[in-house]
Amino acid sequence: MRKFTFLAGLAVGYVLGTRAGRERYEQLRKTVRDLSQTPAVQTATRNAKQAAGTAAGRAADAVAGKVGDKLPGSVTDRVPYLRDRSGDASADGWGTAGR
């Protein structure tokens, strides 16, 4: 009898929790979606992407400058950035754009 009561309570709690949880989830989702559409957030996102791209480019230059000539040809042939450091290898420098 105790087992049945426990399982019944568990089932009722699950059903009630799921309904309340889903409503709260939808409310949070709508709030995040509305917030992400504001101009301030979009500007901050754009700036963060640009800063990350700049930092990644600097890191790639530093790595290529230090170990690029020491890598085997099988590696440098697969990474256009290492093969051709002029930046004309592909749109993003790593050979992944447009694939």
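The values are calculated or read from the model by the stated rules, or taken from the named source; none is laboratory data. Bear in mind that the values here come from a model prediction, so they are computed numbers and not experimental data. Ideal geometry is used to build each Cβ from the backbone, glycine not excepted, and the neighbour counts take in all protein chains shown.
Listing for the model above:
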{"item": "Close pairs from segment 42-68: first over 25 Å from VAL32 (Cα atoms), partner of a type in the set (Phe, Trp, Tyr) and assigned to a helix (DSSP H, G or I), Cβ under 7 Å, at least 6 apart", "result": "ALA60/TYR81; ALA64/TYR81"}
{"item": "Set ALA8, ALA60, ALA20: member being in contact with a helix residue (DSSP H, G or I) (Cβ under 8 Å, 6 or more places away or on another chain), on the phi < 0 side of the Ramachandran plot, at pLDDT below 90 and small (Gly, Ala, Ser)", "result": "ALA60"}
